[in-house]
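Written below as structure tokens is the structure these notes are about.
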Amino acid sequence: MPRIPSALPLLAALLLLTGCGAPASGTAVTPPRADGVRITSVTIPSVAPSPGSDRSDVRAAPLPAGGSGISAAYEVTNNGTEALAYTILFDFTTEAGEVMANTRETVRSVGPGATVQGTVRLNTFTPGSSRVTRVKVSQVTKVPAAEAPPASGECPPSGIRITADDGDAAMGLRVVGLHLENCGKRDYTVNGYPLLELLDKNRAPVQGVQIVEGSGGITTGTGFDEPARPLILKPGESALSGLMWRNTTESGDVVNVPYVRVRAVQGGDPVTVTPHLDLGTTGRLAVRAWTRPSR
């Protein structure tokens, strides 16, 4: 499914390599941090290194069996006052800036004042496509570590997993699914709609958006107008909700919502997801009642 465009474009952290396959010559590059993330070195396959090159930040390596052999080391620094979970989108581009592939990395918890290092790899590459010569950080989202969606296979202390999918788009209509799984050991009951808080890029409340239960007249035939019913989820069972909007732009201010704090029920533990709602100037967001997924 296509990814909803980010409300936080971060065109930074470029490291350049020569297009001929040898490491670029010159002094080491120290790119600026993109919202706390900085690429520190790049490795790219090459037939042979440049004679006499002494650069340590870009290295040539033989192409391994399987994978592209292209990777970038990076570091994440949290200058805030609480532990944060980071999701970073890395673009692998040509010399002209054309994006040939991208990879998303998640750093689960970075404490206040801490720096965490990692490596992103371009695992697949289409033979015959244009040569990748740059790696850049194109998007960074960060949420409180205690509110981050759990990793695959993990079950939070609440026993409830809440995640958002990548969404779908057609003719200006946007839909993002919210998924709830009872991964605990006891039954869990939901009745009605998930509780939502819309947050801006600084995770402050967004004003002026009407959240409507059901389709709100945005469109029909989506299942959003199915009535809410009590659901008892046994361990291993799941429920589905969703967000729907149109990104129509007319008169008025354009509203972007990069973060949504979700609670399955009143008083439930919050989970902050990053659907990047581009609401245009409509100012309305529809939410679907919890329902059992179709089989």
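Read-outs throughout are calculated quantities, based only on the coordinates presented, and are distinct from any laboratory measurement. Small disclaimer: the values here were computed from a predicted structure and weren't measured.
Here K142 is the anchor, and the aspartates and glutamates within straight C-alpha reach of less than 20 Å, apart from those fewer than 8 places off in the same chain, are D35, E75, E82, D91, E105, E154, D165, D166, E197, D200, D269, D278. When we measure straight from the Cα of K136, which lysines land under 30 angstrom away, once same-chain ones fewer than 8 places off are left out? Within the straight-line limit of under 30 Å, K136 reaches these lysines: K201. Here the Karplus curve 6.51 cos²θ - 1.76 cosθ + 1.60, taken at θ = phi - 60°, turns the phi angles of segment 180-194 into couplings of 10, 10, 7, 9, x, 10, 10, 4, 9, 10, 10, 8, x, 10, x Hz, with x standing for Gly and Pro.
Around the amide H of E237, modelled in the peptide plane, lie the amide H atoms of N182, all under 5 Å away and 5 or more residues distant in sequence or on another chain. Counting only lysines at least 8 places from K185 when in the same chain, those with an alpha carbon closer than 21 Å to its own are K234.
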